[in-house]
Amino acid sequence: MAVKGGSGFRSALTEVGETAQFTARFFRNAFHPRFEWRELIRQCTVNGALTFPLVGITAFIMGLVLTVQSRPTLARFGAESMLPAMVAISMVREIAPVITALICAGKIGSSMGAELGSMRVTEQIDAMEVSGTNPFRYLAVTRIWSTILMLPVLVVLADGISIWASWIGVNLRDTVSWELFYRQVFDSLEYSDLIPAFIKSFFFGLAIGVVGCYKGFTTKKGTEGVGRSAHSAVVTASLLIFILDLLVVQITDLLGFT
């Protein structure tokens, strides 16, 4: 058991080091003059537009459920008027960025791991290298950039949809105009709520893209390895999202953003 535990720990450290090297390789190629703009646009469409319906539905449900569940507790203290502010701050600062990132880790991360893993085991990536095409620049850099660029957009859209759903939840019991609700929401929000959440979404996108591409590029053992890569990409990216969120919260607290 001790030997197995030590071997697992060494393999985990090895994977961390290889992932760090993969990330450094991305930054070395991220601004290369021969950038694959057409592939980047295609990946942004796949990872952004095609992911938005799932993100939108989830954001709507979160905003509605949070409003309905929080209302009875606030009503006990006669603080129902604080409901729009509470939902808006909760969604913008924490819930929407993290849940959106987890959804993208499940959809985009697994897709990258499976797609690139299939290309690896069928030797398509090797064929690209033989033909003179840089597979890392064409396949990995464009996909990582697409997640970095699209995740903040999806987070902002999720914020808006969840706040709109909260307004619907408030109107299930009361009648509140959208103008009044909108004013209460934005009176409660400050730049210290928006900026940290927006910035950390870029890091979430980086983590999802790097992990998904790394798992795909290092796939082994045929079709069985493809499934393992897709599963591992989701688990690892989700764990990194929580770790990054914890770090960002600590940093923003030290900087006085809380």
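No value in this document is a laboratory result; all are computed from the given coordinates. Note that the structure is predicted; figures quoted are calculated from it, not measured. Here the Cβ positions follow ideal geometry from the backbone for every residue, glycine too, while neighbour counts run over all protein chains shown.
The figures follow:
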item: Scope segment 37-52; condition among the hydroxyl-bearing types (Ser, Thr, Tyr) and under 15 Å from the mean Cα position of the chain (by Cα); matching residues; result: THR51
item: Segment 6-18 residues that are free of Cβ contacts under 8 Å to residues at least 12 places away in the same chain, paired with ones that are part of a helix (DSSP H, G or I) and polar (S, T, N, Q) (beta carbon under 9 Å, 6 or more apart); result: GLU15/THR236
item: Residue match in segment 160-174 (condition: crowded, with 21+ Cβ neighbours inside 10 Å and closer than 23 Å to VAL234 by Cα); result: no
item: Check on PHE31, assigned to a loop (DSSP other than H, G, I, E, B) and loosely packed, with under 13 Cβ neighbours inside 10 Å; result: yes
item: Residue within segment 38-57 that is of a type in the set (Ser, Thr, Tyr), part of a helix (DSSP H, G or I), touching a residue at least 12 places away in the same chain (Cβ under 8 Å) and surrounded by 10 or more Cβ atoms within 10 Å (Cβ to Cβ) present; result: no
item: Subset of segment 173-192 [within 22 Å of ARG71 (Cα to Cα) and part of a helix (DSSP H, G or I)]; result: TRP178, GLU179, LEU180, PHE181, TYR182, ARG183, GLN184, VAL185, PHE186, ASP187, SER188
item: Any hit, segment 202-209, residues being surrounded by fewer than 16 Cβ atoms within 10 Å (Cβ to Cβ) and under 26 Å from LEU54 (Cβ atoms); result: yes
item: Criterion (touching a helix residue (DSSP H, G or I) at 6+ places or on another chain (Cβ under 9 Å), assigned to a helix (DSSP H, G or I) and either among the acidic types (Asp, Glu) or free of Cβ contacts under 8 Å to residues at least 60 places away in the same chain (or both)) met by exactly one of ILE241, ILE168, ILE199, ILE208; result: ILE199
item: Helices (runs of 4 or more DSSP H) (entirely within segment 84-148) containing at least 3 residues that are small (Gly, Ala, Ser) and touching a helix residue (DSSP H, G or I) at 6+ places or on another chain (Cβ under 7 Å); result: 110-121
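Listed here are the residues, each with its yes/no results for (1) free of Cβ contacts under 8 Å to residues at least 24 places away in the same chain; (2) under 25 Å from GLU179 (Cα atoms); (3) surrounded by fewer than 20 Cβ atoms within 10 Å (Cβ to Cβ).
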{"residue": "ALA88", "(1), (2), (3)": "no, yes, no"}
{"residue": "GLU94", "(1), (2), (3)": "no, yes, yes"}
{"residue": "THR100", "(1), (2), (3)": "no, no, no"}
{"residue": "GLY106", "(1), (2), (3)": "no, no, yes"}
{"residue": "SER110", "(1), (2), (3)": "no, no, no"}
{"residue": "GLU115", "(1), (2), (3)": "no, no, yes"}
{"residue": "SER118", "(1), (2), (3)": "no, no, yes"}
{"residue": "THR122", "(1), (2), (3)": "yes, no, yes"}
{"residue": "MET128", "(1), (2), (3)": "yes, no, yes"}
